[in-house]
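To keep things clear, I will list the structure first and then write my remarks on it.
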Amino acid sequence: MKKIMLALSLVEILISGAASAQVTNSQERFQDFFATAGYGTAFGAALGAATLPFQENPEKHLRSVAIGASIGFFAGSLLGSYVIFMPSVAESTPESHSPKLTVTPLFDRKGERIQGIQSSWQIAQF
């Protein structure tokens, strides 16, 4: 139990440290944009491929892989745009906060076993 808690705490520390890193120049920003779009494309293609086993004739539905990749590319591009423009918005406000990612374990009522993991990501504060 202590090992699991230690591992989850370590993951949270590593992720929060990566989320607070500042991107300084435009070349790094565009690299982040293209990386995010690429990961979105790969994730979308994987989701499209994951639908194939549920089809009667998977070889006739290979188009769903391309559709998933396209949707993933657009979603990754939107997220990448947000990521590269967010620092400029945060720098212009006096009270800027970096996005916070929190990962916490969920225990049963007795507190003996882990039932799951809960995560939250705060991207805006009003």
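Tabulated data for the structure shown
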{"item": "All positions within segment 27-41 that are of a type in the set (A, V, I, L, M) and surrounded by 15 or more Cβ atoms within 10 Å (Cβ to Cβ)", "result": "37"}
{"item": "Unmet requirement for residue 68, which otherwise passes all of (1) out of contact with any Leu (no Cβ under 7 Å at 6 or more places or on another chain); (2) surrounded by 13 or more Cβ atoms within 10 Å (Cβ to Cβ)", "result": "(1)"}
{"item": "Residue 77 vs. criteria within 30 Å of residue 45 (Cβ to Cβ), modelled with pLDDT of 80 or more and exposed (fewer than 12 other Cβ atoms within 10 Å of the Cβ)", "result": "no"}
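The values are calculated or read from the model by the stated rules, or taken from the named source; none is laboratory data. Computed from a prediction, not measured in an experiment: that's the story for all the values here. All Cβ positions, glycine included, derive from the backbone under ideal geometry; neighbour counts span all protein chains shown.
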